[in-house]
Amino acid sequence: MTILVDDPAFGVEIEEKKVACEESELVLDAGFAVPDSNAFGHTFRDYDAESERRDLVEGFYRVNHINQTYDFVKRMREEYGKLNRVEMSIWECCELLNEFVDESDPDLDEPQTEHLLQTAEAIRKDYPNEDWLHLTGLIHDLGKVLLHPAFGELPQWAVVGDTYPVGCAFDGSIVHHKYFKENPDYNNPAYNTKYGVYSEGCGLDNVLMSFGHDDYMYLVAKDNKTTLPSAGLFIMRYHSFYALHRAGAYRHLMNEEDVENLKWLKTFNKYDLYSKSKVRIDVEEVKPYYLSLIEKYFPAKLRW
């Protein structure tokens, strides 16, 4: 499916395509056996076998890499950081996401809530005492409500896909890196050096990331005074930051807290990628447990 979007807010005519990500390595950790294919028989994040899908992925990242500039991210964070669009509970947002199947995810063809609960329940099984991590699994993708008309129905390239810092050089490990050459920041001396506008060890909390559902959900949780630990917020904001947690890029910007939180993110990411299953979750059975966690860590209603 190809959709042409002419949106003056972004200043470009966007050819929006289905999104996807590069292939991911399979690992074994803490007794969690990672399968070599998803519930639909496909290798995780593997597009080499399908030339049509590969072209769609590349088209998405071309548009993403051209338009995710430092100024664009600042503008979007300022606009969406106002949290003045909707007031609703965490669970209401989960139900709202049922309207969407994420076109960027090659491993899913089901409503988002299914994936969220699969992730949360897989974590709960292996880490029964870390209830904050269970809840993080449930809510980590709620920022995808940016695709909803109530939130401006943003184009896919501004919501999903791998994320990366802006305001400094684009690392070569970022998927389809070649298209950054068409990004205005690529040749801007203020933004195209190793550190750019940042400094060594400044902490990722002080680094602007390409805008999307990760950063938006982080803003929502933080500004609504969640009591989740910093590792939960870190997971929300950086779970699509594959250049960091797969390739080890941008470590020069991390501080000690980031290093500790990265350990939890690497644990979480295995469940985020590989918990996808044909086994359906009985929503009504697990709902009371997750409602209790929401009540523990969040206010009854949040500003979005």
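If the segment from E99 to T193 were pulled out straight at 0.36 nm per residue, it would be longer than the present Cα-Cα gap by 29.7 nm. Shown for the stretch 53-303: the carbon plus sulfur share of the solvent-accessible area, taken with all protein chains present and a 1.4 angstrom probe, equals 47%. Of the GluC sites (Glu not before Pro) in the stretch 144-222, the ones in a loop by DSSP (not H, G, I, E or B) with at most 11 other beta carbons within 10 Å are E200.
Skip the ligands, DNA and RNA, and give the accessible area per residue of the stretch 53-303 with a 1.4 Å probe, whole Å².
Using a 1.4 Å probe on heavy atoms only, each residue of the stretch 53-303 averages 39 Å².
Extension gain, E79-R251: 0.36 nm per intervening residue step, less the Cα-Cα distance, totals 59.0 nm. Each label was represented as a point 7 Å from its Cα along the Cα-to-Cβ direction; for E58 and H177 these points are 1.7 nm apart. Comparing Cα centroids, the stretch 115-143 and the stretch 178-249 end up 22 angstrom apart.
Where the only charges are on Cβ atoms (+1 Lys, Arg; -1 Asp, Glu), what is the dipole of the stretch 53-303 about its Cα centre, to the nearest 20 debye?
The dipole magnitude comes to about 500 debye.
Between the beta carbons of E260 and R280, assuming R0 = 41 Å, the FRET efficiency works out to 0.70 to the nearest 0.05. Extension gain, E92 to C202: 0.36 nm times the residue separation minus the Cα-Cα distance gives 36.0 nm.
The values are calculated or read from the model by the stated rules, or taken from the named source; none is laboratory data. Keep in mind that what you see is a predicted model, and the values were worked out from it rather than measured. Cβ: placed from backbone, ideal geometry, glycine included. Neighbour counts: every protein chain shown. Ligands, DNA and RNA are excluded from the accessible area calculation, which covers all protein heavy atoms including side chains. Shrake-Rupley method; radii C 1.70, N 1.55, O 1.52, S 1.80 Å.
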